[in-house]
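*Asks:* Take this structure first; my questions come after.
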Amino acid sequence: MCGIFGIVGSKRKELGRTLLKGIKRLEYRGYDSVGMAALDKGKIKVKKAAGAVDKADKKLNFSELKGHIGITHSRWSTHGGVTDFNAHPHQSCDKNITIVHNGIIENYEEIKSDLIKKGHKFRSETDSEVIAHYFEEKIKQKPIKQACVDFLKEIEGTFAVLMMKNDEEKIYALKRDSPLVLGICEEYNILGSDIYAFSDRTDKAVFFDNDEFAVIEKDKYQFYDTKGKKITKKIQTFVWEQEESLKEKYPHFMIKEIMEEPRVVKRLLMSLKTDQKDNFNKFIDMIIKAEKVIFAASGTSYHAALLGVYYFHRCSDVCGIEAQALIASEFEHFANVDSNTLVIAVSQSGETMDVIEALKFAKKRKAKIASMVNVPYSSIQRMSDISLQVLAGQEICVAATKSFVNQVTLLLSIAKEFGFKINLDTLSERIEEMLAKKDEIKKIAKKIYKNKDLYVLGRGLSYPVAREVALKIKEISYIHAEGMMGGELKHGTIALIEKGTPVISLISNKDYDMLSNTKEVEARGAKIIKVTNEFDGDIKINTSNDGKFGVLAAIFGQLLTYYMALELNLPVDKPRNLAKSVTVK
Ligand code: M6R
């Protein structure tokens, strides 16, 4: 959460525009406020305001900032409300030090009270501001590089920090647990929270590892370890499809990304036979060697993992792969992990802090780590023993759509290797057919968007999908939705069903139990929306395969959510309070 971006060596008049472009590319990481700092002729100028980038830019005109060095930040608030003062950058009392920060300084209260005793005045309620004052104080006694060493030793918490000084044409960059990457360009150097920040400018990057800092200049850079010893880092060349970050003819990224699903599924399946073939085989081998598999994931990725468990358990008639899925933030409380366990992280961003923490826990217990990530070169990918790429391409809408479809396709491809019966070659075609039902789905959306509560019911494979559909509806349409096991409803929640309460029922094949659960709520006046491949229903799904049903029913939910949000006139791609990449615990 929070995007940070910096450049050293910009053309003077282009600085503001470059910072603006850079931070817009990272805005999906948080859009509560935005700010910039530019160093020009020995003076740092700061502009910042609450609101998303376009709104703040209208007010402040960021493009007019000049200089050769600048840093910028888009915020997802943790400590302190959404205000102009709490927006980054933050400055020291003497305004010599200016910083932007992504992460949480856990011991900030302690540090702050110490600094206040020394006479420092704070202007914001954030934890981040202490960083600027901390360095102001430190550099009174020692060189800034030594202060960076102290920072790594004394600061508790997570951080990606970019720091400028009035009198130096450099950016100091420090990292622990929050993502940070250096992009190497011919005439300048760029820093960003991820490679999207600069993938339009260079394909060469150096990834920061934990507890490192670097001094970045126009035409050179140097990394240091915790002791301040110089380290040499590898330059990675990455491949990126540029056209995916554009909205093209679509009004929102969400619908554009849903419409890309048939294409990205094909691309993934092809890669598993070509580029990713060796890795795929190694992945299968690791599953064979493990005594059990535990998935660690959050949100939508958790729902994909839960579907994975269902498919893995059904790989053969006798007994499938021993698998379990845990929500990453609770992993250490519920996982029983040892050296015979394979932990599979599922993550779109590859940066979700809860998942990273789960993997650290598993690593300590000597488990093998595998992952499925969409954003290449992400932290989760880099901390895995093996990783498969989800290949959904850049997903900009906060709601995960095409990445979910490809996560499930990848899990189905693995399950197939172990005997799960499915013809994946026709999946893309089935998705096209589902997307062609968009007008039918729009009509359903128009009927239910005014309701305050709704329920989505599933059983077996349709249970994770029910949860996923409900999550989409909550985050994008702001309607309270519960995704439930059909059989569990009668144990309490059925008390909430009133005349007219919408209940979406996902029924795959001859699931008569699910049909009975649907009848039970219908008898109590619920407005039923039946999504089925077997019975009469509101949406007919054209597949008899349970694997494909899961994917197609989820796509129904994505479209339904999108059209409800349109009816409600909501900010589809940037829902309130959320961010695409959740890098706090
Ligand atoms: O990047 P990840 O897949 O690890 O993210 C996990 C969740 O934060 C994410 O799926 C979230 O639930 C989405 N906003 C759902 O649409």
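The values are calculated or read from the model by the stated rules, or taken from the named source; none is laboratory data. Please read these numbers as outputs of a predicted model, since none were measured by experiment. Please note: Cβ atoms are built from the backbone with ideal geometry, for glycine as well, and neighbour counts cover all protein chains shown.
*Asks:* Quick one: in region 316-328, of everything that is modelled with pLDDT of 95 or more and over 25 Å from Tyr196 (Cβ atoms), which residue is nearest to the ligand (Cβ to nearest atom)?
*Replies:* That would be Ile327.
*Asks:* Is it fair to say Ala399 is within 15 Å of Ser581 (Cβ to Cβ) and assigned to a loop (DSSP other than H, G, I, E, B)?
*Replies:* Yes; evaluated as a whole, the condition is true for this residue.
To keep it simple, each residue is scored yes or no on (1) assigned by TED's automatic domain parsing to the domain that holds Ile97; (2) modelled with pLDDT of 95 or more; (3) more than 20 Å from the chain's Cα centre (by Cα); (4) surrounded by fewer than 24 Cβ atoms within 10 Å (Cβ to Cβ).
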{"site": "Ile7", "(1), (2), (3), (4)": "yes, yes, yes, no"}
{"site": "Glu14", "(1), (2), (3), (4)": "yes, yes, yes, yes"}
{"site": "Lys24", "(1), (2), (3), (4)": "yes, no, no, yes"}
{"site": "Tyr31", "(1), (2), (3), (4)": "yes, no, no, no"}
{"site": "Met36", "(1), (2), (3), (4)": "yes, yes, yes, no"}
{"site": "Asp54", "(1), (2), (3), (4)": "yes, no, yes, yes"}
{"site": "Glu64", "(1), (2), (3), (4)": "yes, yes, yes, yes"}
{"site": "Gly70", "(1), (2), (3), (4)": "yes, yes, yes, no"}
{"site": "Thr78", "(1), (2), (3), (4)": "yes, no, no, yes"}
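*Asks:* Same structure, new question: If Ile327 satisfies all but one of (1) touching a residue at least 40 places away in the same chain (Cβ under 8 Å); (2) under 25 Å from Val469 (Cβ atoms); (3) in contact with a strand residue (DSSP E or B) (Cβ under 8 Å, 6 or more places away or on another chain), what's the number of the condition it fails?
*Replies:* Ile327 satisfies every listed condition except (1).
*Asks:* Hey, among Asn406, Asn423, which residue is crowded, with 24+ Cβ neighbours inside 10 Å and either within 16 Å of Gly547 (Cα to Cα) or not charged (D, E, K, R) (or both)?
*Replies:* Values: Asn423 fails: crowded, with 24+ Cβ neighbours inside 10 Å.
On inspection, the qualifying residue turns out to be Asn406.
*Asks:* Give region 334-360 a look and list any residue that's surrounded by 24 or more Cβ atoms within 10 Å (Cβ to Cβ) and either farther than 28 Å from Ile195 by Cβ or away from the ligand (no atom under 12 Å from the Cβ) (or both), or say none.
*Replies:* Those that are surrounded by 24 or more Cβ atoms within 10 Å (Cβ to Cβ) and either farther than 28 Å from Ile195 by Cβ or away from the ligand (no atom under 12 Å from the Cβ) (or both): Leu342, Val343, Ile344.
*Asks:* Separate question: Pairs only if they're at least six apart or on different chains, beta carbon under 6 angstrom, first in region 359-375 and of a type in the set (Val, Ile, Thr), second crowded, with 18+ Cβ neighbours inside 10 Å and part of a strand (DSSP E or B); list them, first residue then second.
*Replies:* Ile369/Val343; Val373/Ser347
*Asks:* Taking Tyr196 and the conditions (1) at pLDDT 95 or above; (2) outside any loop (DSSP other than H, G, I, E, B), which numbered condition does it fall short on, given that it satisfies the others?
*Replies:* Among (1) at pLDDT 95 or above; (2) outside any loop (DSSP other than H, G, I, E, B), the lone unmet condition for Tyr196 is (1).
*Asks:* Something else about it: Quick one: count up the residues across region 297-315 that are away from the ligand (no atom under 16 Å from the Cβ) and either modelled with pLDDT of 95 or more or buried (at least 18 other Cβ atoms within 10 Å of the Cβ) (or both).
*Replies:* Total satisfying the criteria: 6.
*Asks:* Considering only residues that are more than 11 Å from the ligand (Cβ to nearest atom) and of a type in the set (A, V, I, L, M, F, W, C), look in region 377-407 and name the one that is nearest to Lys256 (Cα to Cα).
*Replies:* Restricting to residues being more than 11 Å from the ligand (Cβ to nearest atom) and of a type in the set (A, V, I, L, M, F, W, C), the top hit is Ile396.
*Asks:* Does Glu475 fit the bill of being crowded, with 18+ Cβ neighbours inside 10 Å and outside the structural domain of Val264 (by TED's automatic domain parsing)?
*Replies:* In short, yes.
*Asks:* Of the numbered conditions (1) at pLDDT 95 or above; (2) at positive phi, Asp177 fails exactly one; give the number of that condition.
*Replies:* Unmet for Asp177, out of (1) at pLDDT 95 or above; (2) at positive phi: (1).
*Asks:* Would it be correct to say that Gly299 is of a type in the set (Gly, Ala, Ser) and out of contact with any Leu (no Cβ under 6 Å at 6 or more places or on another chain)?
*Replies:* Values: of a type in the set (Gly, Ala, Ser): yes; out of contact with any Leu (no Cβ under 6 Å at 6 or more places or on another chain): yes.
The answer is yes for Gly299.
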